[in-house]
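S.K.: One structure, pasted below without further comment.
The values are calculated or read from the model by the stated rules, or taken from the named source; none is laboratory data. Given the structure is predicted, the values throughout are model-derived calculations rather than measurements. Note: ideal-geometry Cβ built from the backbone for every residue, glycine included; neighbour counts use all protein chains shown. Note: accessible area is taken over every heavy atom of the protein model, side chains too, but ligands, DNA and RNA are not part of it. Shrake-Rupley method; radii C 1.70, N 1.55, O 1.52, S 1.80 Å.
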Amino acid sequence: QVQLVESGGGLVQAGGSLRLSCAASGSIFSINAMGWYRQAPGKQRELVAAITSGGDTNYADSVKGRFTIARDNAKNTVYMQMNGLKPEDTAVYYCNVILVRLGGLGAQDYWGQGTQVTVSS
């Protein structure tokens, strides 16, 4: 079994900062990529940031220069530091991990439970 546990969401004022964490645990053989998506009411879920097994990173244009994604391979954990938060960043943020389970034949997607980020003006 595989579980993803997210933490770090909350309510902040515009210009503030938050740090999201997502820890993967269970029968994991390898992790190909980890990332964060977000979904605001009435909008499609969108990729915010991702990091691959090789350390390659990808960011949505709207967060470049403000958000930073990082990983701790020893802990199977991905972090996202969010600085200079804006009201338009308000959304539910979901951790996504692409991994291979022990004994698995290929990679699969796993999702965290979501954590609410609310930025007030």
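S.K.: Check region 15-22 and report whether any residue there is in a strand (DSSP E or B), open to solvent by 20 Å² or more (accessible area, probe 1.4 Å) and among the polar types (S, T, N, Q).
M.R.: Yes, some residue in region 15-22 is in a strand (DSSP E or B), open to solvent by 20 Å² or more (accessible area, probe 1.4 Å) and among the polar types (S, T, N, Q).
S.K.: Could you list, in sequence order, the residues of region 23-42 that are open to solvent by 50 Å² or more (accessible area, probe 1.4 Å), aromatic (Phe, Trp, Tyr) and within 15 Å of Gln116 (Cβ to Cβ)?
M.R.: Tyr37
S.K.: Please enumerate the residues belonging to region 43-56 that are surrounded by 11 or more Cβ atoms within 10 Å (Cβ to Cβ) and over 12 Å from the mean Cα position of the chain (by Cα).
M.R.: Matches in region 43-56: Arg45, Thr52, Ser53.
S.K.: Which condition number does Gln3 fail, the rest of (1) open to solvent by 60 Å² or more (accessible area, probe 1.4 Å); (2) in contact with a helix residue (DSSP H, G or I) (Cβ under 8 Å, 6 or more places away or on another chain); (3) part of a strand (DSSP E or B) being met?
M.R.: Evaluating Gln3 over (1) open to solvent by 60 Å² or more (accessible area, probe 1.4 Å); (2) in contact with a helix residue (DSSP H, G or I) (Cβ under 8 Å, 6 or more places away or on another chain); (3) part of a strand (DSSP E or B) leaves (2) as the failure.
S.K.: Report the residue count in region 64-108 for those that are under 16 Å from Thr52 (Cα atoms), open to solvent by 40 Å² or more (accessible area, probe 1.4 Å), part of a strand (DSSP E or B) and touching a strand residue (DSSP E or B) at 6+ places or on another chain (Cβ under 6 Å).
M.R.: The total comes to 5.
S.K.: Here's something else I'd like to know. So which residues in region 109-121 are open to solvent by 40 Å² or more (accessible area, probe 1.4 Å), assigned to a loop (DSSP other than H, G, I, E, B) and modelled with pLDDT of 95 or more, if there are any at all?
M.R.: Gln113
S.K.: What about Ser53, is it of a type in the set (Ser, Thr, Tyr) and touching a Pro at 6+ places or on another chain (Cβ under 9 Å)?
M.R.: Judged against the criteria, Ser53 is not a match.
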